[in-house]
1. Of everything in region 302-317, what is open to solvent by 10 Å² or more (accessible area, probe 1.4 Å), at pLDDT 90 or above and closer than 30 Å to Q536 by Cβ? Give them in sequence order.
2. Do any helices (runs of 4 or more DSSP H) entirely within region 385-446 hold 1 or more residues that are open to solvent by 30 Å² or more (accessible area, probe 1.4 Å), small (G, A, S) and on the phi > 0 side of the Ramachandran plot, and if so, which?
3. Does region 392-399 contain at least one residue that is of a type in the set (D, E) and free of Cβ contacts under 8 Å to residues at least 40 places away in the same chain?
4. Being among the aromatic types (F, W, Y), open to solvent by 50 Å² or more (accessible area, probe 1.4 Å) and at pLDDT 85 or above is the filter here, so list the residues in region 510-550 that pass it.
5. Could you say whether any residue in region 429-448 is among the aliphatic types (A, V, I, L, M) and over 28 Å from the mean Cα position of the chain (by Cα)?
6. Among the listed residues Y134, Y107, Y155, which satisfies the condition of being modelled with pLDDT under 75 and among the aromatic types (F, W, Y)?
7. Only one residue in T379, T354, T323 is under 30 Å from A290 (Cβ atoms), touching a Leu at 6+ places or on another chain (Cβ under 6 Å) and either of a type outside the set (A, V, I, L, M, F, W, C) or at pLDDT 90 or above (or both). Which one?
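The values are calculated or read from the model by the stated rules, or taken from the named source; none is laboratory data. Remember, predicted model here, so these are calculated numbers, not experimental data. Cβ coordinates were reconstructed from backbone atoms using ideal geometry, including for glycine residues, and neighbour counts include every protein chain displayed. With ligands, DNA and RNA removed, areas are computed over all heavy atoms of the protein, side chains included. Shrake-Rupley method; radii C 1.70, N 1.55, O 1.52, S 1.80 Å.
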Amino acid sequence: LKNGTGAPPGPVIRLIIWGFAAVALRYILTISAFIFSHIAAFDLLYKIRARLAHHLGTLPMGYWSKRTTGNIRKIIQEDVEMIENFVAHHVPDFVSGLVVPVVTLGYLYFVDWRLALAATVPLVIGLILMKLMYSGSGRAVGRAGSSRQEMLKLYHDSLEDMHSLTVEYVQGMPVVKVFNLTVSSFSKLKASITRYGELVEKWSKGTAPFWAGFTSIVLGGGVFILPVALIMLRNSMTDVPTVILFLLLGTGCLSGAVKFVTMLSYSMMIKEGASRIRAILDSESMSEPAFPSTPLGYELNLHQIGFQYSDDSSKVLDNISLTVPEGQFIALVGPSGAGKTTLVQLIARIWDATDGQITIGENDIRNLGSEQVNRIVGTVFQDVQMLTATVRDNIRMGNTEVTEAEIIAAAKAAAIHDFVTNLPRGYDTLIGEGGEVHLSGGEKQRISIARVILKNPPIILLDEATAYADAENETRIQKAFSNVTRGKTVIGIAHRLSTVVKAHMIYVMDRGRIVQQGNHEDLVNDIEGLYRKMWQAHTRAGKWTFTDFQSEGLEKAI
């Protein structure tokens, strides 16, 4: 190997240089692929999540009646994360796993096609095993005849169900604590975890033998090459260097095939998750006009309104017609489940009516556009959601034009200022699910009232706006409402009938219909009417005390 000078010959030096260059190039390309694939993956992740978040905000509330928080959370977080992981890691593996075996086998066929055939045998057997594994997925989980895609759907459904019930369990933690329950006694969650665990276990047991066989055969390709090589050596059909070449390349090149097959399996896994992302993006958004109209005043009219949550459900509202003149106050009363809150939600365009038309100032609210309806209509619902943000941001709700003085004035009018000033950081205290403090129902409701006071809309919808307030704060809130609602169009829902006796018009609802209408005096004097019965029950409840119990009955009740 040496020339007369004792140095390696030129060809060897060139091979060494080429070897180092190849190794350096490999690492440069590997690092570059890693960097660029991760940049692309995180950019894609951001765009998908941003698009999902924006689109979810345009969907009608009816979309959420069939879905849970856990369901959506799993899609936005885990399914999108799987796509990011696929692009960042598996795309480079796909290229190397496909290119390296193909190029290497092509070169080996050029060197000696007989040994190359022996090197190809383990790949063929491995692919047959993969085909058997995929076709056997249904039997692996006890679903004979089921395709792998159906199994993946079953897996995703099971995972979403577990997520949803976990959220329900956490949100119901106060009840769990009070009754000393555990996750085992929370039967639905326990059943979903058990179902998911059994599914994954059976699937793993059914596929593990095939996967083990595949990796063993593909990575042990020398077992197939060596017997053929020995026969060929014995018959002088090849030489030792060629055999060594095939043992090194023929075995090592197929390691990339394992990455390739892994990538194919992963791509099938994310296909189902991607279809669920697509299902959200394909959901029809609430219609918005290209050119929103401007209302001619703020008189509110409902014309033969009907509503049902889905095509296969019964009607919640049926043939509702009423008029609220600008600047007047009307009340909606009736038993629970009569449809009062749903009707108010239609006016706020949280839903779109199934039948009929709602107009503000002679313009259909669908022609006004959601943004303008939100500006015109202010709502205070019984169940209030707080954003994970400061008290200040929850009151102003993104309106950066209001001053600190206006925020404080609204908080004082809603009887919440004194409470806020006693919080750890006052108006800078973080509230909401991830906040520093947790608010009671009454405290949330008063912050919601402060929002409406600050917004100062021409139409105000009140759904049991003082339901969680104590007697002292209820008086203060009602005084605040008397100021803020002066001259505005107001619709109020009330179970305490004493709060609506001065309404210009009272509409009595029952089973999704208006069964009575009139002022308080007329309705009370209607002997056969539902309102009179409700008023009598209300007055009896106002006189009720604990002393009305017989002592024996009280002991039993306690």
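1. none
2. Details: elements: 391-396, 404-413, 417-421.
Counting at least 1 such residues, we get no helices (runs of 4 or more DSSP H) at all.
3. yes
4. W535
5. No, that holds for no residue.
6. The unique qualifying residue is Y134.
7. Going through T379, T354, T323 in turn, the sole match is T379.
Rundown of residues vs (1) at pLDDT below 80; (2) more than 30 Å from L233 (Cβ to Cβ); (3) in a helix (DSSP H, G or I); (4) among the β-branched types (V, I, T), yes/no style:
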| site | (1), (2), (3), (4) |
| --- | --- |
| V80 | no, yes, yes, yes |
| I83 | no, yes, yes, yes |
| S96 | yes, yes, yes, no |
| V103 | no, no, yes, yes |
